[in-house]
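Here is the structure we will look at.
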Amino acid sequence: MSKDLENDLTRVIGRAAESAPQAPSDLPTQVMGRSRRRRTRALASVTALAASAVVVVAGGVALSVRGLQEAPQVAVEPAPAPSSERDTMPGPVEQVWPDAVRKIPAKLPEGRKLRPVIFLDDRTLLMQTWESHEKADALYAYELDTGLTRKITDIRTPKGVFASAFTAGAGRIFWQTIEDTRTRLWSVPVAGGEPAAVPTDTPIRQGADKLTVTGDRLAFSAFRGGGVFTVPLDGGAVTPVENAGRHHILNWPWVGTPGEYTPDEEPSFEELYNVETGELSKALVRPGDRYVRCGVTTCVGVNAAGKPFFRLRDGSQERELRESALHGLSQDRFMTVRLPRPAQGEALVDLVTGKSGDLGLRPDAKGQMMSVQPGITNDRLVWYELKDKLVIIDLARIASS
């Protein structure tokens, strides 16, 4: 594990500890140990671990979720405090947003567990099965309307090599693998087939923190040091994106610096650049602000008085939040908060409308509970397992009014 990533893990552990009940004393050690043993894993998978595995609720580890598609350009207006912030119980998430929530089987008919990856389209999920922890061995398409599951392909990687950073577009699915210092890009048709490498004219020596399809090219940003690059979907020259030499992909065409993971507590995505229009945006950061994480239109963090806040990137419409959004706001509007006693669960909150929905998660007999933490680079898909079902939330189907 790199020193930067170790620092990032330490920072996130500390922030989680400030607002969560006490975790088992050896949890940080367990997380760091698992990460070191998986050093050869694709860097994007490691960074997902850094963002998710150490967020704790009542002593339990967390689940981070990721998605697909560009975040909408929402005009955020001040909304009433979400019901969970007024210490009243919200309704179940499937009742609050019935068009956006589905519950589907968590396993294939033969018993293998399914794990959602991204939306392939409005009605189809890309799912994966694992050979071992976080090591994908097959991809499937799951049709939400019919419940049909179709195998797309098998994924075969050497020991210690992981497929990560999945994205889709132009009828294909793309991902990366990292072996030693070499990053390779792969694709397979959504219709199915054998995975094929995307050839590049020069070796890619840095793992990508995000891949995205834009027109006839695949864009990616480098995890260490930043830099945004594109390559033709069928392979060819790796081309640096002009004026984005230190940037990371947030939601295409927006790229920014610093990226999502900032080991020295710099504001995430403080500076944004639109690679298609040339537009620039620098978020207002006030003296004493800490843990600032910005999306395309909004920022959250903790102010000099130690109070979590929400504001637009220009500093307007600022208000205090009951809890901090450790990973930023998904789609510039969604976060999760803890529910008051006696439930002690979690709710998904929409800061645009003020609505919130109970996710149905509860501590077990040992006081442990999974925590759902969408963040600034999570765009559409939220998922978690509940009572042998997968709860699927499509944030794109939640209206802004």
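The values are calculated or read from the model by the stated rules, or taken from the named source; none is laboratory data. Here the structure is a predicted model, which is why all the values come from computation and not from measurement. Note that we place each Cβ from the backbone using ideal geometry, even for glycine, and neighbour counts take in every protein chain shown. In case anyone asks, the SASA skips ligands and DNA or RNA and just uses the protein heavy atoms, side chains included. Shrake-Rupley method; radii C 1.70, N 1.55, O 1.52, S 1.80 Å.
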- Task: Go through (1) aromatic (Phe, Trp, Tyr); (2) touching a residue at least 60 places away in the same chain (Cβ under 8 Å); (3) surrounded by fewer than 20 Cβ atoms within 10 Å (Cβ to Cβ) one by one and return the number of the condition PHE309 breaks.
- Result: (2)
- Query: Of the residues that make up region 159-181, is at least one of a type in the set (Phe, Trp, Tyr) and under 22 Å from PRO258 (Cβ atoms)?
  - Reply: no
- Item | strands (runs of 3 or more DSSP E) wholly inside region 195-293 that include at least 2 residues being closer than 18 Å to GLN176 by Cα and open to solvent by 20 Å² or more (accessible area, probe 1.4 Å) | 196-198, 208-214, 228-232
- Which listed residue is under 22 Å from ASP394 (Cα atoms) and open to solvent by 10 Å² or more (accessible area, probe 1.4 Å), from VAL349, VAL302, VAL337, VAL296: VAL296
- Message: List pairs: first residue in region 245-256 and under 8 Å from VAL275 (Cβ atoms), second residue in a loop (DSSP other than H, G, I, E, B) and among the acidic types (Asp, Glu) anywhere in the structure, Cβ distance under 7 angstrom, at least six positions apart or on different chains.
- Response: TRP252/GLU70; PRO253/GLU276
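Residues checked against (1) of a type in the set (A, V, I, L, M, F, W, C); (2) out of contact with any His (no Cβ under 7 Å at 6 or more places or on another chain):
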{"site": "VAL188", "(1), (2)": "yes, yes"}
{"site": "VAL198", "(1), (2)": "yes, yes"}
{"site": "THR202", "(1), (2)": "no, yes"}
{"site": "ASP209", "(1), (2)": "no, no"}
{"site": "THR212", "(1), (2)": "no, yes"}
{"site": "SER221", "(1), (2)": "no, no"}
{"site": "ARG224", "(1), (2)": "no, yes"}
{"site": "PRO232", "(1), (2)": "no, yes"}
- Item | Number of the exception - PRO199 against (1) under 25 Å from the mean Cα position of the chain (by Cα); (2) under 19 Å from PHE220 (Cβ atoms); (3) not polar (S, T, N, Q) | (1)
- Message: With closer than 16 Å to PRO92 by Cα, at pLDDT 90 or above and under 16 Å from the mean Cα position of the chain (by Cα) as the only criterion, which of LEU386, LEU395, LEU381, LEU339 stands out?
- Response: LEU395
- Task: Output the residues belonging to region 352-371 that are touching a strand residue (DSSP E or B) at 6+ places or on another chain (Cβ under 7 Å) and either at pLDDT 95 or above or surrounded by fewer than 23 Cβ atoms within 10 Å (Cβ to Cβ) (or both).
- Result: SER356, GLY357, ASP358, LEU359, GLY360, LEU361, ARG362, PRO363, GLN368, MET369, MET370
- Task: Return the only residue of GLY236, GLY207 being in contact with a helix residue (DSSP H, G or I) (Cβ under 6 Å, 6 or more places away or on another chain) and not hydroxyl-bearing (Ser, Thr, Tyr).
- Result: GLY207
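So that you can scan it fast, the table gives a plain yes or no per residue for (1) part of a strand (DSSP E or B); (2) more than 22 Å from ASP201 (Cβ to Cβ); (3) open to solvent by less than 50 Å² (accessible area, probe 1.4 Å):
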position	(1), (2), (3)
LEU139	yes, yes, yes
LYS151	yes, yes, no
PRO158	no, yes, no
THR177	yes, no, yes
